[in-house]
Amino acid sequence: MKRTQVTAAVAGRLLVLWILYSETISLTIVAAAAPVPSPSQFLGFEVGADRTLADYRQIVSYFRALDAASPRVEVEVLGKTTLGEEMVMAVISSEENIRNKKRIKEISRRLADPRGLSNSDTGSLIREGKTVVLVTCNIHATEIASSQMAMEWAHTLATAPDPETKRRLSEVVLLLVPSVNPDGQIMVTDWYRKYVGSKYEGGRLPWLYHHYIGHDNNRDWYMLTQLETRALNRAVYHEWNPQVFVDEHQMQSEGPRMFIPPFADPVDPDVHPLIWREVNSIGANMALRLEQANKSGLIYGFVFDAYWIGGTRNTGWWKNITGLLLETASARIASPIYIEPTELRGGGKGLIEYKPTINHPNPWKGGWWRMRDIMDHERIASDALHEIAADRREDLLRNLVTRARAATAQAKAGEAYRIPREQHDWPTGQHLAWLMAEHNVEVRQAQNGDYWIPLAQPYAKFITEMLEPQRYPEVRLQPGKDILQPYDVSSWTLPLQMGVRVERTLLPEALATTRVTEVRPETKEVIRRADALPRKPRTALYKPWSASMDEGWTRWLLDTYGFAPKMLSPQEVAKGSLAFDAVILPDIPKDIIATGRRKPSDGAMKYEEEMPPEYRGGLEKAGAEALRKFVTDGGTLVAFAAACDYVIDEFNIPVRNALTGIKPDEYANLGSLVRLRVRAGHAVTAGLQEEVAAFLDSAIAFDTTAPAVDMQRWVLASYPDDPRDILLSGWMRGEERLARKAAAVAVTYGKGRIVLLGFRPQFRGQTHATFPFIFNSLYWSVTPDTPAGR
C-alpha cells in the first residue's frame, strides 16, 4: 500500500513537470512562429497608398518571408528574366496540399492527357484532385497595381483562420505570379520614384518596359521567343497543367472601371464551348461579388474578343484551359487621377456611348481614382475566383477531361502533320518542331529525320490552329454595318510565317517513330557566309523616345543572330558622323521619326504630355540631313513598313506609297499574311524562295518609276497580278489595291543604298520566312561588287 502511494506521488510530480515542460515548449514554438507580418508591416510603408510602390525585389523578399513563416505558401523559381532577375511563383494552398504537391501535379497532368484512362480511373482522379488555378499579374509593367495586390492577397490566404478560407485552400491550389515582367516592374518603379513630386510624375517611360518587346510581351505566347514566356510556359503546360488561368491587367482611365468576361465577339468556333461556359460562370461570380461590394462601372462583352490566340491566357483556350482576362481602369501608376463625368466615354466595341447597357448596367460616375481602387477591384475578383474554383472543383476537373477527350477524338485514324526533312530551310523546320514540343505537343520523329505530329492528342485544336490558315469571321452587330474588328491580328499560321513546308497526311502504320523530348536545331547560316565578306556589317538601329515595340523586336532579332546593333537616339543621329555600314529605321510612323510627336488626326486633341527635356524630339532637319549624308557617302539605309514613308518624303527617290491617304472603306488589313513574288539575282533576295508569305498590317504598297542615269532601282518583291492570289491567311479589304504593286524596293543613292521593305519582316519574332530580307540588306552594305551584289 505504501509503495503504491509513493509511486502515485512520484507519478503526480512527473505529470506536473511534464505539463510545465510542455507549456514551455509550446511557448517556445509560439514565440518562434511569430505572426506572419502584413506586406505593410514587412516593408515599412503602406502598400497601396498614393505615390507608394513596392518594387519587384521587395515583393519577392516578402513572398520569401511568407514561405518561411507559413506552411500554406511555397515559392518556386520559374527561371531568369532577360536582365537576370528571378521570376517567382507562389504556390498557395492548405498545408496538406502543399505536402502533397507532387501528387496533385501528377493528377492534373493525367487529367489534362486522359489517353489510356477509363471512366473509373478519371472519376477516382477527379475525386482526389484539386482545382489548380493560375493567376498572373503585371505582365505590362505600368499596369502595376496587381503586383501590389498580390502581396495582400497572399498574406490573407496564408494567415486567415476562418473556416471558409480554409475550405477554399483545401480544394484549390493557387499558383500566383506577382509579376510576369520583373525587369519592367523595376524599370517602372524606378522611373516613377525618380519623378514623384515633379510635373512628370506618373508619366510614361521613354524606352520599352520589357528589355526587348515592351507591351508585346503578352503577344509571345505561341512563339515563345522570350525567356519569361518560356519559363512560365513550362510551368503551365509541362508541370502544373492548371484548369483555370486568369491574367490581371489595366486599361484606359476614361471608360468603364473593370472588364470582366464574358468576352466580346468574334468567337473562335474551334474552341470547345465548355471553355466559354466556364469563363462566363467565373466572370459572373466575380461581377456579382464586386457589385455586392458597391463597385460600379463593371462591363462585359467589351473590346476584348474570344478569337485571338496570342495572349497569355488565350493560348490556353486551344489547350483545354479556361482562360480569363481582367482589365481595370488605370491611375497614373501610383498617383491618383480625377476624371470629370464629361470625360467618361465609350466608343469601343461593346460600348458605343457611355451609358447604362445590359453589359454595363451601373456606370461609374467619375471622381478620384487611385491605385488602391484598382487593387480593391482586383482583390474582390480574385477572391471570387478562389470561391468558385473551390465550389466547382469536380466540375472544373471533369470538364477539362471532356475537352481533352473531344480534341483527341476529332482526328481520323492516323491523321498527322508531317514536317519533312527535305526543306528549303531545315533549321527553321527543326525550330518549328522544337516550338511545338515546347508547347507540350506530342512530336515524333522518324529515322529519316521527318517530324510527325499526330492529331489524336489533347492539344489537337492548338495544333491545327497553329498550322492551318485563318479566315477571320465577319461578325456584324447590325445589317449593313461594318464587321467587328479583331482585338489584335487576324493571322498566325506558323508554316507560312516561318517558311516551312508542312503536310497534313496519314502516319504510315509501319513507320517507326519515337517521341521527341528535345529538339536542337542545326546552326542556321544567315544566308551569306561572314568569312566570305571583308567584315561583318556595322549596324545601327534607330531608337525613338516614344518606345517603339518594332524597334525592340528588331533589336531582339539582331542580338539573337549576332549583329549587336548600336542604338541611335534622335540626338545621336542629328550629330552626324554615322560610322556604320547600315542603319535600320524600324516600323515607326514618319511624324514620330521626324518630330518625336504623333500627328493627330483631323479634329483630334493635340495635347500630349511632355517628357523630360533629354527625352524629347525626333530627327528634325539636322537628323534628316545626317541620314542623307550617311547614304550619299556610302551607307545603307533600311526602312521597315511605316518608316518607308519617312524615307520617301526625305529622299529624292523614284518610289511612292500608292496607298497614301486611302480610306478604311477602300482598303483595310487586320494583320494578315500575304503572298509576295520575289525577284531573283539580287543581294537582298539571296536565298529566298520564289514566293514567300509576309506579314502586313498597314496601308503600304509601292509604285516605282525609271530613274535618271545616276541611280538604279530594283523591285525586290511584288504582289501578284490577280487580287485573289494575295491573301494567304487572315482578313483584308481592297486586295485589288495591292495587285501588281511593289512590296520591297532597293535604290542606289549617291555612293550608298536604300532598301524599303513595305511590310514588317521581323514581326514579333515570328516571320522567319522574311528574316533574310533584313540579314541580306545588312550584308549588302559591305558587299564590294556591283550595286546589286550579285
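The values are calculated or read from the model by the stated rules, or taken from the named source; none is laboratory data. Quick caveat, the model's predicted, so the values are computed rather than measured. Here Cβ is always computed from backbone atoms with ideal geometry, including for glycine, and neighbour counts include all displayed protein chains. With ligands, DNA and RNA removed, areas are computed over all heavy atoms of the protein, side chains included. Shrake-Rupley method; radii C 1.70, N 1.55, O 1.52, S 1.80 Å.
If only residues of segment 278-296 that are on the phi < 0 side of the Ramachandran plot and without any contact (Cβ under 8 Å) to a residue 40 or more places away in the chain are counted, the one that is most open to solvent (accessible area, probe 1.4 Å) is Q292.
R372: within 23 Å of the chain's Cα centre (by Cα) and among the basic types (K, R), yes or no? When the stated conditions are applied, R372 does not pass them.
Checked against the criterion of being touching a Ser or Thr at 6+ places or on another chain (Cβ under 7 Å) and of a type in the set (V, I, T), the candidates V692, V674, V647, V709 yield just one match: V692.
Checked against the criterion of being assigned to a loop (DSSP other than H, G, I, E, B) and within 23 Å of M223 (Cβ to Cβ), segment 572-584 contains not a single residue that satisfies it.
When the residues of segment 530-544 are filtered to those that are farther than 18 Å from F640 by Cα and either touching a helix residue (DSSP H, G or I) at 6+ places or on another chain (Cβ under 7 Å) or in a strand (DSSP E or B) (or both), which remaining residue is modelled with the highest pLDDT? Break it down into steps so the answer makes sense when it comes.
Going through segment 530-544, the residues farther than 18 Å from F640 by Cα turn out to be 530-538.
Then drop every residue that is not either touching a helix residue (DSSP H, G or I) at 6+ places or on another chain (Cβ under 7 Å) or in a strand (DSSP E or B) (or both), which leaves 533, 536-537.
Details: L533: 63, K536: 91, P537: 96.
Among residues in segment 530-544 that are farther than 18 Å from F640 by Cα and either touching a helix residue (DSSP H, G or I) at 6+ places or on another chain (Cβ under 7 Å) or in a strand (DSSP E or B) (or both), the one modelled with the highest pLDDT is P537.
Restricting to segment 686-716, name every residue that is outside any strand (DSSP E or B), open to solvent by less than 60 Å² (accessible area, probe 1.4 Å) and within 30 Å of D488 (Cβ to Cβ).
We begin by selecting, within segment 686-716, every residue outside any strand (DSSP E or B); these are 686-690, 697-701, 705-712.
Next, from what is left, pick out any that are open to solvent by less than 60 Å² (accessible area, probe 1.4 Å): 686-688, 697-701, 707, 711.
Scanning segment 686-716 gives L688, D697, S698, A699, I700, A701.
Checked against the criteria, L174 counts as under 21 Å from N399 (Cβ atoms), open to solvent by less than 10 Å² (accessible area, probe 1.4 Å), among the hydrophobic types (A, V, I, L, M, F, W, C) and at pLDDT 95 or above.
Before we move on, is T632 open to solvent by 20 Å² or more (accessible area, probe 1.4 Å), touching a strand residue (DSSP E or B) at 6+ places or on another chain (Cβ under 9 Å) and not basic (K, R)? Lay out the reasoning, then the answer.
Numbers: open to solvent by 20 Å² or more (accessible area, probe 1.4 Å): yes; touching a strand residue (DSSP E or B) at 6+ places or on another chain (Cβ under 9 Å): yes; not basic (K, R): yes.
So T632 fits the description; yes.
Looking across A231, A293, one residue alone is farther than 30 Å from K365 by Cβ, among the aliphatic types (A, V, I, L, M) and modelled with pLDDT of 95 or more. It is A231. Candidates in segment 297-327 are the residues that are closer than 11 Å to P261 by Cβ and among the aromatic types (F, W, Y); of these, the one that is most open to solvent (accessible area, probe 1.4 Å) is Y300. Mind checking whether some residue in segment 496-510 is within 30 Å of K663 (Cβ to Cβ) and surrounded by 14 or more Cβ atoms within 10 Å (Cβ to Cβ)? There is at least one residue in segment 496-510 that is within 30 Å of K663 (Cβ to Cβ) and surrounded by 14 or more Cβ atoms within 10 Å (Cβ to Cβ). Considering only residues in segment 329-358 that are in contact with a Lys or Arg (Cβ under 7 Å, 6 or more places away or on another chain) and in a strand (DSSP E or B), the one that is surrounded by the fewest Cβ atoms within 10 Å (Cβ to Cβ) turns out to be S335.
Among the residues of segment 454-466, is any in a loop (DSSP other than H, G, I, E, B) and in contact with a Leu (Cβ under 8 Å, 6 or more places away or on another chain)?
Of the residues in segment 454-466, the ones in a loop (DSSP other than H, G, I, E, B) are 455-459.
Imposing the further condition that a residue be in contact with a Leu (Cβ under 8 Å, 6 or more places away or on another chain) reduces the set to none.
Scanning segment 454-466, I find no residue that is in a loop (DSSP other than H, G, I, E, B) and in contact with a Leu (Cβ under 8 Å, 6 or more places away or on another chain), so the answer is no.
For segment 599-642, enumerate the residues that are touching an Asp or Glu at 6+ places or on another chain (Cβ under 6 Å) and in contact (Cβ under 8 Å) with a residue 24 or more places away in the chain.
Just the residues of segment 599-642 that are touching an Asp or Glu at 6+ places or on another chain (Cβ under 6 Å), to begin with: 599, 624, 640-642.
Across segment 599-642, the qualifying residues are A624, F640, A641, A642.
Within the set of pairs 6 or more residues apart or between chains, which connect a residue that is within 18 Å of D602 (Cα to Cα) inside segment 657-675 to a residue that is crowded, with 20+ Cβ neighbours inside 10 Å with Cβ atoms less than 6 Å apart? Filtered contacts from segment 657-675: I662/A699.
For M375, the conditions (1) assigned to a strand (DSSP E or B); (2) in contact (Cβ under 8 Å) with a residue 60 or more places away in the chain are fulfilled apart from (1).
Touching a Gly at 6+ places or on another chain (Cβ under 6 Å) and of a type outside the set (S, T, N, Q): does that describe R398?
Numbers: touching a Gly at 6+ places or on another chain (Cβ under 6 Å): no; of a type outside the set (S, T, N, Q): yes.
Spelling it out, it is not the case that R398 is touching a Gly at 6+ places or on another chain (Cβ under 6 Å) and of a type outside the set (S, T, N, Q).
The single condition among (1) modelled with pLDDT of 90 or more; (2) buried (at least 19 other Cβ atoms within 10 Å of the Cβ); (3) not hydroxyl-bearing (S, T, Y) that P486 does not meet is (1).
Are any of the residues in segment 584-600 more than 30 Å from the chain's Cα centre (by Cα), open to solvent by 10 Å² or more (accessible area, probe 1.4 Å) and not β-branched (V, I, T)? First the steps, then the outcome.
Taking segment 584-600 first, the residues more than 30 Å from the chain's Cα centre (by Cα) are none.
Among the residues of segment 584-600, not one is more than 30 Å from the chain's Cα centre (by Cα), open to solvent by 10 Å² or more (accessible area, probe 1.4 Å) and not β-branched (V, I, T), which makes the answer no.
Contact map, segment 561-579: first residue small (G, A, S), second residue open to solvent by less than 20 Å² (accessible area, probe 1.4 Å) and in a loop (DSSP other than H, G, I, E, B), Cβ cut-off under 7 Å, separation 6 or more or different chains; pairs are A574/L619.
Would you be able to tell me the number of residues in segment 717-732 that are surrounded by fewer than 17 Cβ atoms within 10 Å (Cβ to Cβ) and out of contact with any helix residue (DSSP H, G or I) (no Cβ under 8 Å at 6 or more places or on another chain)? Walk me through how you get there before you give the answer.
Of the residues in segment 717-732, the ones surrounded by fewer than 17 Cβ atoms within 10 Å (Cβ to Cβ) are 721-725.
Filter again for out of contact with any helix residue (DSSP H, G or I) (no Cβ under 8 Å at 6 or more places or on another chain), leaving 721-722, 725.
The qualifying residues number 3.
Quick check on my filter: what residues within segment 308-322 are closer than 20 Å to I139 by Cβ and more than 14 Å from the chain's Cα centre (by Cα)?
Quick first cut of segment 308-322, residues closer than 20 Å to I139 by Cβ only: 308-319, 321-322.
Within segment 308-322, W317, W318, K319, I321, T322 qualify.
The set of residues from segment 552-571 being open to solvent by 40 Å² or more (accessible area, probe 1.4 Å) and part of a helix (DSSP H, G or I) comprises D559, T560, Q571. State which residue is nearest to A446 (Cα to Cα) when the search covers only segment 400-426 and only residues that are assigned to a helix (DSSP H, G or I) and open to solvent by 20 Å² or more (accessible area, probe 1.4 Å). That would be T408.
Here is a yes/no grid of residues against (1) at pLDDT below 95; (2) surrounded by fewer than 22 Cβ atoms within 10 Å (Cβ to Cβ); (3) part of a helix (DSSP H, G or I); (4) among the small types (G, A, S):
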position: A743; (1), (2), (3), (4): no, no, no, yes
position: V755; (1), (2), (3), (4): no, no, no, no
position: P761; (1), (2), (3), (4): no, no, no, no
position: F773; (1), (2), (3), (4): no, no, yes, no
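The residues in segment 361-388 that are more than 25 Å from I144 (Cα to Cα) and either modelled with pLDDT under 95 or surrounded by 21 or more Cβ atoms within 10 Å (Cβ to Cβ) (or both) can be counted, and the count is 1.
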